[in-house]
1. Within the range 77-121, how many residues turn out to be within 22 Å of the chain's Cα centre (by Cα), open to solvent by 20 Å² or more (accessible area, probe 1.4 Å) and small (Gly, Ala, Ser)?
2. Given the structure, is Asn55 more than 21 Å from Lys356 (Cα to Cα) and in contact with a Lys or Arg (Cβ under 7 Å, 6 or more places away or on another chain)?
3. Considering each of Arg297, Arg319, Arg314, Arg309 in turn, give the residue that is more than 19 Å from Gly427 (Cα to Cα), open to solvent by 40 Å² or more (accessible area, probe 1.4 Å) and in contact with a helix residue (DSSP H, G or I) (Cβ under 6 Å, 6 or more places away or on another chain).
4. If you check every pair at least six apart or on different chains, which have Cβ atoms under 6 Å apart with a residue in the range 475-497 that is at pLDDT below 85 and within 16 Å of ligand 3 (Cβ to nearest atom) first and a residue that is among the hydroxyl-bearing types (Ser, Thr, Tyr) and open to solvent by 10 Å² or more (accessible area, probe 1.4 Å) second?
5. Taking the condition open to solvent by less than 50 Å² (accessible area, probe 1.4 Å), without any contact (Cβ under 8 Å) to a residue 24 or more places away in the chain and farther than 30 Å from Ser180 by Cα, does Asp47 pass?
6. Which numbered condition trips up Asn492, out of (1) within 12 Å of ligand 1 (Cβ to nearest atom); (2) polar (S, T, N, Q); (3) open to solvent by less than 50 Å² (accessible area, probe 1.4 Å)?
7. Considering only the range 151-170, state which residues are among the polar types (S, T, N, Q) and away from ligand 1 (no atom under 16 Å from the Cβ).
8. Would you mind finding the one in Leu351, Leu277 that is in contact with a helix residue (DSSP H, G or I) (Cβ under 6 Å, 6 or more places away or on another chain) and on the phi < 0 side of the Ramachandran plot?
Amino acid sequence: MESIYSGYPPELSPEQQKYLVKTAKDWAIQNGLAVRPSPTILPAGADPNGVLATNAPVTLFPSPFPKGCFEEANALQTAYNELYAAITCNEAWLGKIIEDLIDVDDFVSNLWKVHLAVQKEGYVQNLSLGLFRSDYMAHVSANAAPSLKQVEFNTISSSFGGLSSLVRSLHTELLTSPPSYPPHPLLQSGVPPENSAVETLAAGLAAAHQAYGPSKSTPSLPLGIAFVVQDGERNIFDQLAVSRQLTVHHHIPVFRVASSQILNQTSISNSNSARPLVYRPPHAPESAFEVTTVYLRAYYAPDEYKSARDWEARTHLERSAAIKCPTVLNQLSGCKKVQQVLAEPTGPDHLSAFLKGTDPGIIGRLRGTFAPQYDLSSHGQGRELALNLETAMHHVLKPQREGGGNNVYKSDIPEFLRSIPESDWKGWVLMELINPAANAKNVALRNDGEVLRGNVISELGVYGTILWNNAGKILHNEQGGWLLRTKGKEVNEGGVAAGFSSLDSILLF
Ligand code: ADP
Ligand code: MG
Ligand code: MG
């Protein structure tokens, strides 16, 4: 296992590196493997009209990844989809977990309040759509084959499906057009596996759009899908890859609505009890569309809710007839706390309860992907592990947040915990660090053109989509497409958008 990495990737002469960097950065712009530049890499006032784009951070080489782990992640995705749909349907079970977080976590508490408000009024849409990404590392332990361990499960704004299939194409072109790379047996061993992330994500959205049925407006309106996005989103090309697939392949109109504009550009008539969500495009104010599906690429972090108006907008979407991807409850099912409870080795068998009718073998394999996780309650083992410097070194402390940059790592854990009130500890979960191969290496081209080389850690994401109704009936459940993100070994965090890692692809071994 470790030997596969020795001598990989091959050394690059200055000329070879120059060639690969130039090819990658030109290819990236030619094909939309791009991001808008962050203000930090632009001199002040350099792009007043916002016209510039730069390559997304990418590795110059695909990374080796164990075939068994890759196949296992793909094989388990539809069961994972079902698990999180079932959790979302079980409001009592989820509510009990959330209840414990409410007094220590305002964000979770406010999300729960949105659910309660809409529940009080009555939901008018019983379908939910999940576009999920389950993230893993290949865990190495002495004398054993690498095993697949889950880092986390994402139920909101699972990104990079659009760009990751492009990285696969970039690396495939380099691999199949010698002499792009210096000779190395791994680079002659084949190409990265197919990546159908764009097709899968778009097909999930299209399934929801179809299931919505005819217009609920009088007179009836044309139907479309709304992508709710952040103002100034830099990762726009990733989103456009999915919306283009919807418009070109599925012939479904897609609108991009900034979260700050929801209350200005969409409305729900008081006189229609079906509560269709009507969108009026600011560029075509005479036209109106009914939104079948609201796809959130926003609203996953507290700083996106700047005022009561943002919570009002989220509630407005939630109470509408549009199918939400995700609903508030589905977003909450992705809390790190839920993942910790599922991973509890003793006590009730939650997996079997949620996955009735699923082959027990599959349930065992799902359980096999869990790394040890603990709460920090006074009676538990977690507290001891977190407060002792020696054991803390092997752990990460996670709050109920998404999007990267929120965790506390290793030796920082004891001091951090002692710096906050003990009553807040229950808002955090402690997770054992997964231990990926120690000597993997790669070279990354960052989006400011900087080239980094060194030891790396790769994280695999697998996409899945599921459409279900609140009685638990599943209308669509698919797995397809993957993401590999690679970061410097010394870096604890992992997000690409948060600036920690680069998009990569896979050579299976
Ligand atoms: P977020 O929802 O913010 O992405 P994650 O749970 O994915 O939170 O944690 C962020 C990053 O921290 C991951 O991408 C990974 O690099 C690292 N990380 C998280 N949990 C573990 C773990 N158990 N072992 C090793 N690294 C981890
Ligand atoms: Mg996440
Ligand atoms: Mg993550």
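The values are calculated or read from the model by the stated rules, or taken from the named source; none is laboratory data. If you're wondering where the values come from, they're calculated on a predicted model, not measured in any experiment. Don't worry about glycine lacking a Cβ; one is built from the backbone with ideal geometry, like all the others, and counts go over all protein chains shown. Keep in mind that these areas ignore ligands, DNA and RNA; they rest on the heavy atoms of the full protein, side chains included. Shrake-Rupley method; radii C 1.70, N 1.55, O 1.52, S 1.80 Å.
1. Here the count works out to 1.
2. yes
3. The match here is Arg319.
4. Asn492/Tyr409
5. yes
6. (3)
7. Here is the first cut: in the range 151-170, the residues among the polar types (S, T, N, Q) are 154-155, 157-159, 164-165, 169.
Correct list: Ser165, Ser169.
8. Leu351
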